[in-house]
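What follows is a short report on a single structure.
The values are calculated or read from the model by the stated rules, or taken from the named source; none is laboratory data. All of these numbers come straight from a predicted model, not from anything done at the bench. Glycine gets a Cβ as well: all are built from the backbone with ideal geometry, and neighbour counts include every protein chain shown. The area values use the complete protein model at the heavy-atom level, side chains included, leaving out ligands, DNA and RNA. Shrake-Rupley method; radii C 1.70, N 1.55, O 1.52, S 1.80 Å.
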Amino acid sequence: MNKAIMFGGGNIGRGFIGLLLEKAGYHVLFADVFQPLLDAINTRKEYTVHIVDENCEDVVVSNISAMNSTAPELANEFVDAQLVTTAVGLTILPRIAGTFAAGIAARRAAGVKTYMNIIACENAIRASSQLKAHVYDRLSDEDKTYADEFVGFPDCVVDRIVPPFRSENITDVMVERHCEWDVERAGIKGDFNGLNGMEIVDKLEPYLERKLYGFNGPHCITACLGCVKGHNTIRQSINDPEIEKIVTGVMAECSAALCKRHGFAPEAMAAYSATAINRFRNPYLVDEVKRVAREPMRKLAPNDRLVGPMKMAMEYDLPVDNYAIGVAAAMLYDNPEDPQSVQLQALIADKGVIGALTEITGIAGEAAEKVLAAYNSMK
């Protein structure tokens with residue numbers, strides 16, 4: 001039987017990646033630190049994924065087990081695994097890299113000559129490559145040589161809305177029907193050809209930017225504008241006509257830039273944007289704007305979801321009027337419970353809007369003035 005190790009037993013791990021792996025015939029071993037969840041998985045030996053849209057569906061995932069990710073014996077589980085995936089958050093990858101290194105060493109010590117692919121399914125650019133660098137820092141020269149031959153770290157793009165969900169069973173999870181999992185062929189070792197729900201692609205950058213810029217960015221802007229206007233959820237925000245107009249404008253500006261850079265067909269990008277708006281409107285997904293807008297410093301970084309596409313559009317002399325409003329809304333995000341929001345507001349108080357904007361994003365000149373005007377109009 002094929003085996004996959006899923007690092008991260010959270011909503012994404014169970015409701016997206018773990019679900020697809022189990023339905024593809026893998027036994028899924030969840031590795032996590034939340035012991036009540038691990039105990040529930042090992043006791044119940046199944047959980048239910050509630051897929052919600054116009055046609056709701058319950059899917060039972062049963063070929064599973066769980067182990068604490070800090071357990072030293074977890075390294076031995078790598079010996080007979082074909083796939084290892086993560087959904088833990090980018091900042092956690094360095095912390096678990098030692099376990100991956102120990103697992104690779106265990107495979108070499110056991111004389112395993114088959115291939116294993118490690119896919120970091122994080123909401124970040126080339127997370128698998130980042131994980132590989134952390135893992136290789138912890139490998140001996142002999143283990144590096146072994147990994148070069150038998151262990152792949154293909155990068156990927158993942159996309160599925162998995163909001164917080166309360167149930168009497170802590171293992172159950174709610175997801176939208178839409179999902180995307182694009183894996184770059186170049187990083188794969190062996191003859192792995194993917195699985196149902198995954199697409200193997202030759203070049204990942206177009207899919208990375210389409211998802212980060214064309215979905216995550218408008219999603220974040222919907223949330224930030226919702227915070228400005230006092231809405232609580234993404235659905236409430238996108239159903240506000242003023243916010244919808246700005247968000248669809250952002251999508252149009254982004255789509256034009258992506259078509260220029262990657263050659264996407266305009267009608268294909270229009271369909272992608274329309275699907276995204278419908279996903280925001282899903283009445284079954286109660287997704288709080290504060291969750292989606294959180295960590296504004298990270299999301300305002302020069303190459304992230306808000307500023308990256310704005311700069312790309314500017315490179316092609318395309319309009320960015322709606323992006324200026326979206327970036328201004330992110331600058332206005334004020335949540336005392338979010339350390340990055342506190343940091344952002346302190347920076348604005350110290351250096352002013354344009355000073356903070358330029359330091360965080362690199363935006364200056366006419367574009368910065370547009371952001372400032374939008375900021376002042378919403379303040």
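One table, with the values for the structure above:
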| item | result |
| --- | --- |
| Contact order relative to length of the range 251-324, as percent, for alpha carbon pairs under 8 angstrom and 6 or more apart | 41 percent |
| Contact order normalised by residue count of the chain, Cα under 8 Å, 6+ apart, percent | 13 percent |
| Average accessible surface area per residue within the range 53-175, 1.4 Å rolling probe, Å² | 44 Å² |
| Average accessible surface area per residue within the range 183-298, 1.4 Å rolling probe, Å² | 44 Å² |
| Helix-only [θ]222 nm of the chain, DSSP H runs n ≥ 4, -39500 (n - 2.57) each, per residue, nearest 500 | -14500 deg cm²/dmol |
| Folded to 0 to 90 degrees: helix 321-331 orientation relative to the chain principal axis, Cα | 70 degrees |
| Cα centroid separation, the range 68-124 to the range 291-333 (Å) | 35 Å |
| Helix 217-229 axis, angle to the chain major axis (alpha carbon atoms, nearest 10°) | 50 degrees |
| Segments 112-120, 264-272 sorted - mean Cβ within 10 Å per residue, highest first | 112-120, 264-272 |
| Summed residue charge, Cβ within 11 Å of ILE118's Cβ, Lys/Arg positive, Asp/Glu negative | +1 |
| Sequence-distant lysines (8 or more away, or on other chains) whose Cα lies within less than 26 Å of LYS45 | LYS3, LYS23 |
| Charged-residue dipole, Cβ positions (Lys, Arg, Asp, Glu), the range 1-159 about Cα centre, Debye nearest 20 | 360 debye |
| Accessible-area ranking of GLU22, GLU315, largest first, probe 1.4 Å | GLU315, GLU22 |
| Carbon + sulfur, % of accessible area of the range 54-192 - ligands and nucleic acids excluded, 1.4 Å | 47 percent |
| Listed residues GLN35, PRO163, HIS178: farthest to the positive end of the dipole of the chain (Cβ charges) | GLN35 |
| Farthest toward positive dipole pole in the chain [+1 Lys/Arg, -1 Asp/Glu at C-beta], among HIS50, SER341, ILE325 | SER341 |
| Student exercise, the range 85-234 dipole from Lys, Arg, Asp, Glu Cβ charges, in Debye to nearest 20 | 260 debye |
| Residue among ILE325, ILE104, ILE360 with the largest mean-square fluctuation in a Gaussian network model of the chain, springs linking Cα atoms under 10 Å | ILE360 |
| Nearest 10 degrees, 0 to 90: helix 365-378 Cα axis against the chain principal axis | 80 degrees |
